[in-house]
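Trainee: Take a look at this one; I'll ask things after.
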Amino acid sequence: MQSMQGIVTIVQEGRFQLTDPEGVSHTFLLSYRAPLEPEQLEPLLWGQATVRVDYTRAENVIGLLATGITCLDA
C-alpha cells in the first residue's frame, strides 16, 4: 500500500482531490473498506488540514482508491 500527504481541495460524494506539497493534484475514490464515510470528507476540505491518504491503484477508472485517511494536524 502506498501513501501521500497533502490538502483536500475538492470533495464530491465519495470522490476527492488531494493537492500534494509540490502543488500536484491527485484524484481519489473513497474505498468502501475505508474507515470513514463520504460525509466525513467535507470537514477535511473546509478545515484545510494536512492529511495522509493510504491508497492503492484502482482498476478501470481514472484515479486512486483511498483506503484510509489520517489527519496530521493536531
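Trainee: Suppose we keep only residues that are in contact (Cβ under 8 Å) with a residue 40 or more places away in the chain and either of a type in the set (Val, Ile, Thr) or surrounded by 15 or more Cβ atoms within 10 Å (Cβ to Cβ) (or both) within segment 1-33. Which one would you say is nearest to residue 68 (Cα to Cα)?
Mentor: Filtering segment 1-33 for residues in contact (Cβ under 8 Å) with a residue 40 or more places away in the chain gives 1-8, 15-16.
Now narrow it down to the ones that are either of a type in the set (Val, Ile, Thr) or surrounded by 15 or more Cβ atoms within 10 Å (Cβ to Cβ) (or both): 4, 6-8, 15-16.
Working: 4: 11, 6: 14, 7: 14, 8: 14, 15: 13, 16: 13 Å.
The residue in question is 4.
Trainee: Sticking with this structure for a sec: Based on what the data block shows, is residue 36 assigned to a loop (DSSP other than H, G, I, E, B), surrounded by 12 or more Cβ atoms within 10 Å (Cβ to Cβ) and touching a residue at least 24 places away in the same chain (Cβ under 8 Å)?
Mentor: yes
Trainee: If you take the residues in segment 1-33 that are aliphatic (A, V, I, L, M) and part of a strand (DSSP E or B), which one is nearest to residue 58 (Cα to Cα)?
Mentor: In the first step, residues of segment 1-33 are kept if they are aliphatic (A, V, I, L, M); the result is 1, 4, 7-8, 10-11, 18, 24, 29-30.
This time we only want the ones that are part of a strand (DSSP E or B), so: 4, 7-8, 10-11, 18, 29-30.
Numbers: 4: 15, 7: 21, 8: 19, 10: 19, 11: 18, 18: 16, 29: 8, 30: 11 Å.
Within segment 1-33, the match that is nearest to residue 58 (Cα to Cα) is 29.
Trainee: Hey, among the residues in segment 39-74 that are in a helix (DSSP H, G or I) and of a type in the set (Asp, Glu), which one's surrounded by the fewest Cβ atoms within 10 Å (Cβ to Cβ)? Give the steps one after another, and end with the answer.
Mentor: Taking segment 39-74 and keeping what is in a helix (DSSP H, G or I), we get 39-47.
Still in the list and also of a type in the set (Asp, Glu): 39, 42.
On the way: 39: 10, 42: 13.
Going through the qualifying residues, I end up with 39.
Values quoted throughout were computed directly from the atomic coordinates according to the rules given, and no laboratory measurement underlies them. Bear in mind the structure is a predicted one, so any value in this text is a computation, not a measurement. Backbone-built Cβ (ideal geometry, glycine too); neighbour counts: all protein chains shown.
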